[in-house]
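*Asks:* I have a structure here, written as structure tokens, and I will follow up with some questions on it.
Please treat every number below as a calculation from the coordinates, not as lab data. Note that the structure is a prediction, hence the values are computed from the model and not measured. Glycine gets a Cβ as well: all are built from the backbone with ideal geometry, and neighbour counts include every protein chain shown.
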Amino acid sequence: MPNRPRPEEALDLLRAELATGQSEMTEWTTRGAWLAFMRFGRRRFDTAPTPDSDGLLFQYGTYAFSGRPLFTVDLTRQFDITDDGEHDHYMQVHCELRYEPEPDLDALGSFDSWFFHDAGADLDDWFAAVEGRLALLLGRRPSEIGLYEEPV
């Protein structure tokens, strides 16, 4: 698609959205990261016009990926990467917000929700539902933030 960025540019574009109005990553609040992710999520990329080629994933839970348990909110963009028009793999761009464990966060359990562009759902409705899940965290600062991409 003309004038749309390629999925390979997504991580840099997410970083740019997160940097808007922030001087350092340590100043990021959950609200700021969420607003940046919504701007990023609205941007369309040069992907096939199929229902699973460009998706957003919101998930959270308490995990020990780094060796110690942290409550993690994972804001993810997933792209279907094709080779000669055939599915090759998916690429995911992650913004992980990590928080020290607390009883009120642990009580949230785990949750995940997907949105796919071109699948007929309303993006604003999805954003509103996800933001309701983030209410407890919006004013907090994560103790760690991770930005990365990975093939899946």
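*Asks:* Send over the Kirkwood Rh of the range 92-138, from the inverse of the averaged 1/r over different Cα pairs, rounded to one decimal Å.
*Replies:* So the Kirkwood estimate lands at 12.8 Å.
*Asks:* What's the exposure ranking of W126, W34, going from fewest to most Cβ atoms within 10 Å?
*Replies:* So the ranking, lowest neighbour count to highest, is W126, W34.
*Asks:* OK, next. How large is the Rg to Rh ratio of the chain when both quantities use alpha carbon positions and Rh follows Kirkwood?
*Replies:* 0.97
*Asks:* Now a separate question. Can you sort T72, T30, T50 from fewest to most other Cβ atoms within 10 Å of each residue's own Cβ?
*Replies:* Result, fewest neighbours first: T50, T30, T72.
*Asks:* Let me ask something additional. Dipole size in debye (nearest 20) for the chain around its Cα centre, Lys and Arg Cβ +1, Asp and Glu Cβ -1?
*Replies:* 640
*Asks:* How tilted is helix 10-19 with respect to the longest principal axis of the chain? Cα atoms for both, answer in degrees (0 to 90, nearest 10).
*Replies:* Orientation of helix 10-19: about 40 degrees from the principal axis.
*Asks:* Shifting gears a bit: Specify the residue with the greatest mean-square fluctuation among V73, V93, V130, computed from a Gaussian network of the chain linking alpha-carbon atoms under 10 Å apart.
*Replies:* V130
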